[in-house]
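K.L.:
Dropping the structure in here first, questions after.
None of the figures in this text is laboratory data; all of them are computed from the coordinates on show. All figures in this text were calculated on a predicted structure; none of them were measured in a lab. Cβ: placed from backbone, ideal geometry, glycine included. Neighbour counts: every protein chain shown.
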Amino acid sequence: MTERYRAADLVAFAERLLSGAGLPSEPAAAVAAGLVEADLLGHTTHGLALLGPYLGALAAGTMEREGRPAVVSEAPAAAVWDGRRLPGVWTTGLAVEAATAKAATQGVGAVVVRRSHHIACLAAFLEKPARDGYAVIVLSSDPAVATVAPHGGISPVMTPNPLAVALPATAGPILIDVSTSITTNGLVARTAREGGRLPGAWLIDADGRASDDPAVASAGGALLPVGGLDHGHKGFALSLMVEALTQGLGGYGRAERPTDWGAAVTVIAFAPALFAGLAPFLAQVDWLTEACHAATPRDPGVPVRMPGESALARKARALSEGVALHPEVAVQMATLAETHGVAGVEVIRG
């Protein structure tokens with residue numbers, strides 16, 4: 001039987017370790033909650049799996065502890081912040097709050113964070129603003145890393161460059177979180193450690209052949225953009241958009257040749273209430289949701305789901321019955337507890 005843990009216990013455990021590593025209470029609490037939120041939603045490579053690497057970054061001094069993002073430029077509907085290598089899960093959460101506050105008065109609000117540290121799971125930032133009546137877009141790229149090949153090429157140039165969208169809806173928010181590459185670096189690395197193969201030919205090797213072997217990524221190959229060898233121009237185009245709207249708008253990116261693990265982040269918030277109105281917005285989204293649900297399914301036993309439905313259902317179950325962690329993550333947590341001399345997390349069901 002799968003071992004399960006209380007979500008609150010997992011947050012407290014992560015917060016103890018982050019505080020012990022020198023993070024002040026506000027960012028420690030935000031990062032801990034954000035990582036656990038990712039596991040609640042089922043994004044197991046971008047949740048507590050990142051706690052160890054984050055602690056390592058704090059110890060190495062590549063993640064800053066003290067201070068807040070610095071304002072580079074400010075306007076009623078837009079801002080650019082210098083993230084100063086502070087914890088990206090925290091600073092991105094602040095950017096979502098600031099962008100929605102701007103949208104509340106301007107209709108649209110955008111905050112760009114340059115020189116952020118890694119921001120973990122984009123979906124973890126979506127539910128609250130959507131339930132508050134905002135449509136939100138979060139874009140992220142890492143100008144220090146190149147693992148994704150452009151369409152028609154073999155050499156890696158970009159990162160998986162995810163984009164996430166929150167849409168308010170009456171029955172519950174629509175939560176979209178997709179990479180512009182077929183897969184993520186985290187899943188490729190985990191599959192390689194497990195000695196497995198990817199579910200599809202999601203990589204391109206040094207000879208230009210599509211492959212499901214995760215070892216290809218570290219042997220002169222790269223991740224493929226969404227669409228693969230056949231229609232990869234679509235993922236490539238979306239990836240270029242993310243790079244430009246994060247690094248370009250922030251004025252800092254690959255052109256500066258950074259080397260530190262991190263992110264360039266853009267948050268764009270819309271207040272439907274200041275457009276045609278929140279009720280008409282919900283009417284349109286609700287109609288589309290109902291139409292998709294009513295569509296004839298390819299598999300009669302598997303009806304059409306809207307993005308985020310299964311993740312929110314998974315979260316509700318985890319909050320009720322306990323969080324089922326990926327086995328690798330459970331082992332890592334036990335190791336971190338022993339290494340840092342803190343109490344582990346009690347298993348409540350297994």
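K.L.:
Over segment 266-350, with a single point scatterer placed on each C-alpha, what log10 of the ratio I(q)/I(0) does the Debye formula yield at q = 0.15 1/Å?
P.N.:
Values returned for q = 0.15 Å⁻¹ are -0.85.
K.L.:
Something else: Using alpha carbon centroids, what distance separates segment 89-130 and segment 1-56, in Å?
P.N.:
The distance from the Cα centre of segment 89-130 to that of segment 1-56 comes to 19 Å.
K.L.:
Divide, for segment 16-148, the radius of gyration over alpha carbons by 2.2 N^0.38 Å, where N is the residue count.
P.N.:
1.04
K.L.:
Could you give the length gained by full extension between Thr335 and Ala291, i.e. 0.36 nm per residue of separation minus their alpha carbon distance, to one decimal place?
P.N.:
Values: separation 44, 0.36 × 44 = 15.84 nm, distance 4.81 nm.
My answer for the length gained is 11.0 nm.
K.L.:
What trypsin sites (Lys or Arg not before Pro) does segment 279-322 have in DSSP loop regions with at most 11 other beta carbons within 10 Å?
P.N.:
Of the trypsin sites (Lys or Arg not before Pro), the ones in loops of segment 279-322 whose Cβ has at most 11 other Cβ atoms within 10 Å are Arg298.
K.L.:
Quick check on packing: order 255-265, 40-50 by the mean number of other C-beta atoms within 10 Å, highest mean leading.
P.N.:
Result, highest mean Cβ count within 10 Å first: 40-50, 255-265.
K.L.:
Under a point spin-label approximation (7 Å from Cα along Cα-to-Cβ), what is the His233-Ala60 distance to one decimal in nm?
P.N.:
3.9
K.L.:
Could you order the peptides 123-134, 334-345, 231-242 from most to least packed, using the average number of other C-beta atoms within 10 Å per residue?
P.N.:
Top to bottom by mean Cβ count within 10 Å: 123-134, 231-242, 334-345.
K.L.:
On full extension of the chain, what length is gained from Glu3 through Arg257, given 0.36 nm per residue of separation minus the C-alpha to C-alpha distance?
P.N.:
87.1 nm
K.L.:
What would the Debye equation give as log₁₀ I(q)/I(0) for segment 196-310 at q = 0.13, 0.16, 0.23 Å⁻¹, counting only Cα atoms as equal point scatterers?
P.N.:
Debye output, listed in q order: -0.91, -1.10, -1.17.
K.L.:
If the convex hull of the alpha-carbon atoms of the chain is projected onto planes in all directions, what is the mean projected area in square nanometres?
P.N.:
Approximately 18.3 nm², given one-decimal rounding.
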